[in-house]
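Structure, as structure tokens:
The values are calculated or read from the model by the stated rules, or taken from the named source; none is laboratory data. These numbers were taken from a predicted model, which means no experiment stands behind them. A quick note on method: Cβ atoms are made from the backbone with ideal geometry, for glycine too, and the neighbour counts reach across all protein chains shown. Each accessible area value is taken on the protein alone, full model and side chains, heavy atoms only, with ligands, DNA and RNA left out. Shrake-Rupley method; radii C 1.70, N 1.55, O 1.52, S 1.80 Å.
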Amino acid sequence: MIDHSLIFTMIQFPAYIFLIAQVFILIKTDPLKGKHVFPVDYQQFPFIVSIRQKYFKGISNGYHFCTGSLITQSHVITAAHCFQTRIKNELEAIVTGQNGTRPYLIHYEIDSWLTYDSWARANGKTIEFPMNDVAIVKLSLPINHDGITPALLTNLNNEQLYGTKAIIVGWEGVHDNSLTMHLLQGKVTILRPFKSEHLIKLVANRKIKVNENYLVTYAEPYILSSCGDSGGPLLDKNNFLVGITRSTCPDSSWGNFSEEFINYYKINLHSSVHYYKEFIENVTTL
């Protein structure tokens with residue numbers, strides 16, 4: 001039986017953290033790279049969330065450092081690595097709403113968050129893999145605005161998704177010290193593990209195993225996620241959430257090249273919604 005009281009103990013710490021290393025990387029990085037990355041209409045994906053540090057070097061409306069997806073009126077799913085380092089800087093979640101035909105940004109305080117590893121340890125679950133890059137954020141108030149609706153979770157398993165087309169979505173980020181409301185998207189293919197491992201070896205010159213808790217995407221010409229896309233959605237053709245973006249793979253530490261160097265065989269790594277479905281459903285129904 002799952003001990004709900006222990007879970008709430010685990011997540012009730014102040015939302016005053018951000019990942020310092022990521023912020024400095026983001027200053028030099030734009031989300032979603034590639035020839036076939038296109039702008040998104042703000043009404044197309046009404047569940048996309050920008051996770052921001054409220055105050056950063058005079059940037060108005062906060063500094064974007066991770067993306068997320070609204071999955072209930074009160075919960076956002078994103079990458080766990082967005083919350084690795086805790087310091088006293090307030091975070092917020094920002095979503096796009098609408099007023100007639102005009103878009104606007106809605107700011108929400110972050111109440112708490114819970115990573116998969118913390119949830120699994122609290123409930124005596126076996127942690128099968130060393131890296132589980134998924135976290136669920138709880139907002140201080142539920143979202144109740146026209147034009148903002150949660151994403152629907154996939155009912156398909158990984159095997160059913162291999163070889164299918166998918167969409168990566170991310171915020172364009174902050175430019176000229178102001179928050180842009182622009183979203184970007186790119187169409188990719190979800191690869192089977194053996195194909196993913198083959199492409200990784202071409203870049204890193206060593207074998208890296210792709211476990212069942214991840215999905216891998218690839219495009220020709222390349223479409224590659226960037227730091228600001230961390231935690232963002234991977235969607236199937238019907239806009240069901242199938243993955244949570246982690247990073248490109250290999251990253252700069254896996255090969256003799258810099259992040260500015262684009263290798264056509266690099267892939268995108270996403271946490272599998274199917275694999276983490278029990279965690280997601282349990283935390284969001286508390």
All but one of (1) assigned to a helix (DSSP H, G or I); (2) closer than 21 Å to GLY232 by Cβ; (3) of a type outside the set (Val, Ile, Thr) hold for TRP113; state the number of the condition that does not hold. (1)
With the structure loaded, tell me whether GLU159 is in a helix (DSSP H, G or I), among the acidic types (Asp, Glu) and modelled with pLDDT under 95 or whether it fails that test. no
Is it the case that some residue within segment 189-196 is surrounded by fewer than 23 Cβ atoms within 10 Å (Cβ to Cβ) and modelled with pLDDT under 80? no
Here are the criteria: (1) modelled with pLDDT of 80 or more; (2) open to solvent by 20 Å² or more (accessible area, probe 1.4 Å). Tell me which single one GLY68 does not satisfy. (2)
Return yes or no: is ILE110 surrounded by 14 or more Cβ atoms within 10 Å (Cβ to Cβ), under 18 Å from the mean Cα position of the chain (by Cα) and modelled with pLDDT of 95 or more? no
For the structure I just gave you, tell me whether LYS207 is of a type in the set (D, E, K, R), closer than 20 Å to ILE48 by Cβ and part of a loop (DSSP other than H, G, I, E, B). no
Out of segment 123-160, which residues are open to solvent by less than 20 Å² (accessible area, probe 1.4 Å) and out of contact with any Lys or Arg (no Cβ under 6 Å at 6 or more places or on another chain)? ASN132, VAL134, ALA135, ILE136, VAL137, LEU139, ILE143, ILE148, ALA151, THR154, ASN158
